[in-house]
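Only one structure is covered here, and it is reproduced in the block below.
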Amino acid sequence: MSALILVRHGQSQWNLENRFTGWKDIDLTDRGKEEAFQAGLQLRKEKIDVMFTSTLKRAQHTLQIISKVCGLEQVPIYSDTALNERSYGDLEGLDKAETAKKFGEKQVYIWRRSYDVAPPGGESLKDTYDRTIPYFESHILPLLSEGKNVLVVAHGNSLRSLIMYLEKLGPEEIVKREIATGVPLKYLFDHHMNVLKARHTFKS
């Protein structure tokens, strides 16, 4: 049996300011650092063999804090753009409320919550899925099949892609899924790589 633990990075400065972040490299707020610390406390009893994260510092900083709290400094870490947040293209850096006033709430909702409609110059959730899942299948799934326990610290939409894949969800189901910052999710796999328990949340 093996385990996959997913954690969305702690609150970033642009999460706080309600801005579209995407691939902009924005760091954690003090609250985000505390969320990462609390995630570490929840994971202290977990055996973790390998860790993965994106190339963006809000995810990397979250993993660094978790790693320190859990004493995982010697555990291998791999980072890749495949695990980055979806790109919001021309919307990155814009205030979400102001963007809704400019383009209309309906249009912004479609950009944010549809599965296959991308914002101008950016990625849809489907685009994110199409880069995240091949990486998962080639780099992470083989480790799980060897019985290793893997921690992935990434972003709302790259994690949505993984959850969609793991739980076999449809587009309409996954776009409604909210993923809290700094709250671990655990998936257990049997020897045939079937998910035995999905969406196991740790007690806060």
Ala36 being open to solvent by less than 20 Å² (accessible area, probe 1.4 Å) and either assigned to a loop (DSSP other than H, G, I, E, B) or closer than 21 Å to Ile133 by Cβ (or both): no
What pairs can you find where one residue is in the range 46-59 and in a helix (DSSP H, G or I), the other is open to solvent by 40 Å² or more (accessible area, probe 1.4 Å), and their Cβ atoms are less than 8 Å apart, with a gap of 6+ or different chains? Lys57/Asp25; Lys57/Asp27; Arg58/Asp25; Arg58/Asp27
Mind counting the residues in the range 112-127 that are over 16 Å from Trp23 (Cα atoms) and either touching a helix residue (DSSP H, G or I) at 6+ places or on another chain (Cβ under 7 Å) or assigned to a loop (DSSP other than H, G, I, E, B) (or both)? 4
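Results for (1) over 18 Å from the mean Cα position of the chain (by Cα); (2) modelled with pLDDT under 95; (3) open to solvent by less than 20 Å² (accessible area, probe 1.4 Å), shown as yes or no for each residue.
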| position | (1), (2), (3) |
| --- | --- |
| Ser2 | yes, yes, yes |
| Leu41 | yes, no, no |
| Thr53 | no, no, yes |
| Gln107 | yes, no, no |
When the residues of the range 60-92 are filtered to those that are in a helix (DSSP H, G or I) and among the β-branched types (Val, Ile, Thr), which remaining residue is most open to solvent (accessible area, probe 1.4 Å)? Thr81
Matching residues in the range 93-135 (within 22 Å of Leu162 (Cα to Cα) and charged (D, E, K, R)) number 8
Yes/no for Lys148 being open to solvent by 40 Å² or more (accessible area, probe 1.4 Å) and outside any helix (DSSP H, G or I): yes
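The values are calculated or read from the model by the stated rules, or taken from the named source; none is laboratory data. A quick note: this is a predicted structure, and the numbers were derived from the prediction, not measured. Heads up, the Cβs are rebuilt from the backbone with ideal geometry, glycines too, and the neighbour counts pull from every protein chain shown. Accessible surface areas use protein heavy atoms only, side chains included; no ligands, DNA or RNA. Shrake-Rupley method; radii C 1.70, N 1.55, O 1.52, S 1.80 Å.
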